[in-house]
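Below: one structure, written as structure tokens.
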There are 2 protein chains.
Amino acid sequence: MKIIEGGVTAAKGFEAAGVEASIKYQDRKDMALVYSQKPCVTAGVFTSNIVKAAPVIWDKEVVAHSPYAQAIVANAGIANACTGSQGYECCKQTAQAAAECLQIPADAVLVASTGVIGMQMPTEKIAEGVKKLVQQKADTIEAGRTAAEAIMTTDTISKQAAVSFEVGGKTVTLGGMCKGSGMIHPNMGTMLGFLTTDAAISKELLQEALSENVVDTFNMISVDGDTSTNDTLVILANGMAENPEIASKNEDYDKFREALNYINTTLAKMMAGDGEGATALFETKVIHAKTKEDARKLSRSVISSSLSKAAVFGHDANCGRFLCALGYSGAAFDPDNMEVFLENGEKSLLVYKDGTVTDYPEEEATQILSAPEVRVLVDMKAGDAEATAWGCDLTYDYVKINADYRS
Amino acid sequence: MKIIEGGVTAAKGFEAAGVEASIKYQDRKDMALVYSQKPCVTAGVFTSNIVKAAPVIWDKEVVAHSPYAQAIVANAGIANACTGSQGYECCKQTAQAAAECLQIPADAVLVASTGVIGMQMPTEKIAEGVKKLVQQKADTIEAGRTAAEAIMTTDTISKQAAVSFEVGGKTVTLGGMCKGSGMIHPNMGTMLGFLTTDAAISKELLQEALSENVVDTFNMISVDGDTSTNDTLVILANGMAENPEIASKNEDYDKFREALNYINTTLAKMMAGDGEGATALFETKVIHAKTKEDARKLSRSVISSSLSKAAVFGHDANCGRFLCALGYSGAAFDPDNMEVFLENGEKSLLVYKDGTVTDYPEEEATQILSAPEVRVLVDMKAGDAEATAWGCDLTYDYVKINADYRS
């Protein structure tokens, strides 16, 4: 597997664009298109929130019932959630507008929205945006980057990644982009994530690989504990790599899963590190847990804890808070037989052992916690399972951004 | 039932004190004593966190196995959590010191701590503090207030309440105090809460009434989603009101439960409204839910949501966030058949109905959200169950307080 440049346009036959449609933001790109020159097998995972945005409802139908998908139209600024039947009608109109311009069926168009909940979409602006997107679409790296920028809301950096690998003598490429900074506590997907691959793969295995992988990637990050109404992660596979179709769980499938895991982990970590107001990526790795589920609960509980996040912001080695968060995670364990370390990639410091906070040097702990990527390593000494979760620190800017998001 | 002045010393035969012991804080009272002139029936609920502070372990034993309890010694500044066997030894020494001064058995002494996790307790200072407490204890209202002040950490106000009611021609009094401002997301109790009553009541019914009531009071508040290692709520009943003992679930028991519910609700709301950095009490009431459990989940999810809390701080009627939090609460419901109102005691504004955010006047919503007590009322239109949860807004000061709590 080779890490390569680019995102959604890295794989063969995929084009993208990003344009200004003035949906809510002014003077910036706020609509994106991903288009495949050939029809695609598609799979998706969506928010578990009962209050689902209209585009989530639309996309679930496309993934479940359309014979194939070929385009994604996304916008930033308005989430099209809590918008009732008018919101769903807008998804339909958007898909129809794109279908007309692209000469494909409307049910091959996925739509996605992110932004303020409860506002109706300006349908005429969307229709104009769609026209511009189709005119400007291109298969270049630059076009992919522009699309990634156009879906940002409070994100401070655009997020994309791509890899290539060999299947049956053919080079297969998988790339993706995502956005997300607040309302990030995904449960079956994330704010918006779009993956493209030229792999030939069956719809069934594509969905299985995606559903299985999000559990350890996008579902292991949290910015603020709020599971969005719009979480969407879709993948388009157009088969243009001309590899022998991956239709059984063989070696080729494993290679595909490895690539998928790399892309999803990379994008998920970028999202956590770019959490609203964040100054640091806050990782928690749990090793030697009794079960995988325990390891996930424990690691996720620490990176989700407001007090732990505030301690990271303050570079304060208040490790009692990490212990506290492990303790209410819902996983059973023996606090008298485990170890906790603070790490920053270079140094590792034992701060808790056998039921007691150790007598560690405070300055060293502070130094470790001052790094841009901070890790809490927890050794449960109870089994072989492990899991990693990613979050960020809790800062003044998180409060500032969210105390008046709509203005 | 009559609301009366005072807290833990309101009931007959209870004395209290608060003194400076310089455990961690300087120049303020940081140790408190509650003492009953007669042995008490006792009941308690404690944190569900697996990482339990030493005093929690001590108190659980006293409540379960001691023939009676007669005193509580509490300190602020150090939590005595993650302190291993040395921490437990300190609880024992504290109880022994108090037992000696008060001429009661050591296993009749409850101990409680709140503050920084992971530091060991200065046992000599504790012993000196105990002596001072016993010298200064009194049965006055003033003594109760001093005790309530001595257990504060980041609290900005001391918290106490008392009521009296008639049982079998006798006046029975129930009072209490609590502290808590951060790491508040109780699950079987709260940071520290101490209730005293002169009611004659069986141990079994005392425990049942307490366990049942916390589910709808202390367990329905949240400041930051972090369930503490020290959550403790204990009640002492010394029988000095000389009412016929409450030993069956009769009318007298109902009166006692009503008084208990009033005291616990009052203290819980005070704690939520005094959340770290808070500028407003943030209440969510869910009515017409399918089940009581649904109503609890839904209301608690809204007041726990970082984004909803930040919106309240910004007086921003971003009601999509409330809907979002209802949607990921874990309770099933139909978002297309329900209503959401913003209320402040004077005004009520419909902001969501039948799947769509209504066209409400923005200024009116902002005005409602600018009150010191803000309520989201959710009508699920699905049944008869209801529940209320209390939290506070998320502010810059919460981050400030917690980014460097230990210094």
Checklist entry - Tell me, which strands (runs of 3 or more DSSP E) lie completely within region B:1-99 with 3 or more residues that are within 20 Å of B:THR227 (Cβ to Cβ), touching a strand residue (DSSP E or B) at 6+ places or on another chain (Cβ under 8 Å) and assigned by TED's automatic domain parsing to the domain that holds B:THR232? => result B:31-46, B:69-78
Checklist entry - Which of the helices (runs of 4 or more DSSP H) contained wholly in region B:301-407 include at least 3 residues that are of a type in the set (A, V, I, L, M, F, W, C) and within 12 Å of chain A (Cβ to nearest Cβ)? => result B:306-313, B:319-327, B:396-403
Checklist entry - What residue, among those in region A:207-221 that are in a helix (DSSP H, G or I) and among the charged types (D, E, K, R), is surrounded by the most Cβ atoms within 10 Å (Cβ to Cβ)? => result A:GLU208
Next on the checklist: Looking at A:ALA98 and the list (1) within 14 Å of chain B (Cβ to nearest Cβ); (2) surrounded by 22 or more Cβ atoms within 10 Å (Cβ to Cβ), which single condition is not satisfied?
Outcome noted: (1)
Checklist entry - Which residue pairs have Cβ atoms under 6 Å apart, sit 6 or more places apart or on different chains, and have a first residue in region B:372-393 that is assigned by TED's automatic domain parsing to the domain that holds B:LYS309 and under 23 Å from B:ILE184 (Cα atoms) and a second that is in a strand (DSSP E or B) and aromatic (Phe, Trp, Tyr)? => result B:VAL374/B:PHE282; B:LEU377/B:PHE341; B:GLY391/B:PHE282; B:CYS392/B:PHE282; B:ASP393/B:PHE282
Checklist entry - From the list B:THR197, B:THR232, which residue is under 19 Å from B:ALA148 (Cβ atoms) and at pLDDT 95 or above? => result B:THR197
Next on the checklist: Taking the criterion of being more than 14 Å from chain A (Cβ to nearest Cβ), part of a loop (DSSP other than H, G, I, E, B) and either more than 29 Å from B:PHE165 (Cα to Cα) or modelled with pLDDT of 95 or more (or both), would at least one residue in region B:105-113 satisfy it?
Outcome noted: yes
Item to check | Test result for A:SER202, of a type in the set (Gly, Ala, Ser), surrounded by fewer than 23 Cβ atoms within 10 Å (Cβ to Cβ) and farther than 29 Å from A:LYS29 by Cα | outcome: yes
Checklist entry - In region B:131-168, which residues are within 22 Å of B:CYS90 (Cα to Cα) and under 24 Å from the mean Cα position of the chain (by Cα)? => result B:LEU133, B:ALA147, B:ALA150, B:ILE151, B:MET152, B:THR153
Next on the checklist: Against the condition closer than 21 Å to A:ALA389 by Cβ and in contact with a Cys (Cβ under 8 Å, 6 or more places away or on another chain), how does A:VAL340 come out, does it pass?
Outcome noted: yes
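To keep it simple, each residue is scored yes or no on (1) farther than 28 Å from A:GLY320 by Cβ; (2) in contact with a strand residue (DSSP E or B) (Cβ under 9 Å, 6 or more places away or on another chain); (3) buried (at least 23 other Cβ atoms within 10 Å of the Cβ).
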| residue | (1), (2), (3) |
| --- | --- |
| B:ALA147 | no, yes, yes |
| B:THR154 | no, no, no |
| B:ALA161 | yes, yes, yes |
| B:MET177 | no, yes, yes |
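This table checks each residue for (1) within 14 Å of chain A (Cβ to nearest Cβ); (2) at pLDDT 95 or above.
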| site | (1), (2) |
| --- | --- |
| B:GLU89 | yes, yes |
| B:GLY115 | yes, no |
| B:MET119 | yes, no |
| B:ILE126 | no, yes |
Checklist entry - Out of curiosity, is B:MET240 buried (at least 22 other Cβ atoms within 10 Å of the Cβ), more than 14 Å from chain A (Cβ to nearest Cβ) and farther than 30 Å from B:GLY355 by Cβ? => result no
Checklist entry - Among all residue pairs at least 6 apart or on different chains, which show Cβ distances below 8 Å where the first residue, located in region B:51-69, is more than 14 Å from every other protein chain (Cβ to nearest Cβ) and the second is basic (Lys, Arg)? => result B:TRP58/B:LYS92
Checklist entry - Just checking, which of B:PHE322, B:PHE313 is of a type in the set (Phe, Trp, Tyr), buried (at least 23 other Cβ atoms within 10 Å of the Cβ) and more than 14 Å from A:THR229 (Cβ to Cβ)? => result B:PHE313
Checklist entry - If you check every pair at least six apart or on different chains, which have Cβ atoms under 6 Å apart with a residue in region A:143-158 that is farther than 22 Å from A:ALA278 by Cβ first and a residue that is among the hydroxyl-bearing types (Ser, Thr, Tyr) and not in a helix (DSSP H, G or I) second? => result A:ALA143/A:THR9; A:GLY144/A:THR9
Item to check | Number of positions in region A:264-293 that are buried (at least 22 other Cβ atoms within 10 Å of the Cβ) and either over 12 Å from the mean Cα position of the chain (by Cα) or among the acidic types (Asp, Glu) (or both) | outcome: 11
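Yes or no, residue by residue, for (1) more than 19 Å from B:GLU166 (Cβ to Cβ); (2) buried (at least 24 other Cβ atoms within 10 Å of the Cβ):
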site: B:THR197; (1), (2): no, yes
site: B:VAL223; (1), (2): yes, yes
site: B:LEU233; (1), (2): yes, yes
site: B:ASN250; (1), (2): no, no
site: B:TYR262; (1), (2): no, no
Checklist entry - Can you name every residue in region A:19-50 that is within 14 Å of chain B (Cβ to nearest Cβ) and surrounded by fewer than 24 Cβ atoms within 10 Å (Cβ to Cβ)? => result A:LYS24, A:PHE46, A:SER48, A:ILE50
Checklist outcome for this item: Among (1) within 30 Å of B:ASP404 (Cβ to Cβ); (2) in the same structural domain as B:SER211 (by TED's automatic domain parsing), B:ILE303 falls short only on (2)
Checklist entry - When residues of region B:221-237 are filtered for being more than 14 Å from chain A (Cβ to nearest Cβ) and farther than 24 Å from B:ASP198 by Cα, how many remain? => result 1
Item to check | Residues satisfying the stated conditions in region B:346-393, i.e. over 26 Å from A:ALA54 (Cβ atoms), surrounded by fewer than 21 Cβ atoms within 10 Å (Cβ to Cβ) and of a type in the set (S, T, N, Q) | outcome: B:SER348, B:THR366, B:GLN367, B:SER370
Next on the checklist: Can you confirm whether A:VAL376 is within 30 Å of B:ASN318 (Cα to Cα) and aliphatic (A, V, I, L, M)?
Outcome noted: no
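The values are calculated or read from the model by the stated rules, or taken from the named source; none is laboratory data. These figures come from a predicted structure and were not determined experimentally. Cβ coordinates were reconstructed from backbone atoms using ideal geometry, including for glycine residues, and neighbour counts include every protein chain displayed.
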